[in-house]
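Asks: Before anything else, here's the structure in question.
FYI, it's all coordinate maths here, none of it is from the lab. Quantities reported herein were computed from a predicted structural model and do not represent experimental measurements. A quick note on method: Cβ atoms are made from the backbone with ideal geometry, for glycine too, and the neighbour counts reach across all protein chains shown.
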Amino acid sequence: MNAMSLRVVSAMLAGATALFLLNACTQEQQNKISRDIQNWTGTNGVLEFYAGDKLVRRFIKIDKLSTAMGTEDGKPRAYRFGYGVFDANLNFMVDPGEKKVYFEISDYGSNYLFFENPN
């Protein structure tokens, strides 16, 4: 076998091993792996807040939402946080004056939707 063939066979074996290991994981472990990959690669996320059925706030260009963890106990807290551009005029675009800001979302009583920007 030449060097090119060995690289192809090695890549195929690595891929098969990865698939085997992924199938051996529980659904929750697979979801965590997927989130970790997505956190590493990033997304073009959109976060929208609603008051009833009315859209009241939008943040765009969000890489990820993170769950807050306790400093001492390491347990998850009841809120998420992240950074995104505050879309003041709700047009899905970064306009002059719209800046990247820090935000927090409570797990209690917040009507929000997080999704990948389709544009």
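Asks: Rg and Dmax of the range 42-119 over Cα atoms: what are they, in angstrom?
Replies: Final numbers for Rg and Dmax: 13.3, 42 Å.
Asks: Another one. Can you tell me the order of 102-115, 57-70 when each peptide is scored by its average per-residue count of other Cβ atoms within 10 angstrom, highest first?
Replies: Taking the mean over residues of other Cβ atoms within 10 Å, the ranking is 57-70, 102-115.
Asks: Another question, then. Determine the relative contact order of the range 61-106: mean sequence separation of Cα pairs under 8 Å and six or more apart, normalised by residue count, in whole percent.
Replies: 35
Asks: Which number gives the lysine pairs in the range 42-119 that have C-alpha atoms under 25 Å apart and are eight or more places apart or on different chains?
Replies: 8
Asks: Sort D53, D95 so that the residue with the fewest other Cβ atoms within 10 Å of its own Cβ comes first and the one with the most comes last.
Replies: Result, fewest neighbours first: D53, D95.
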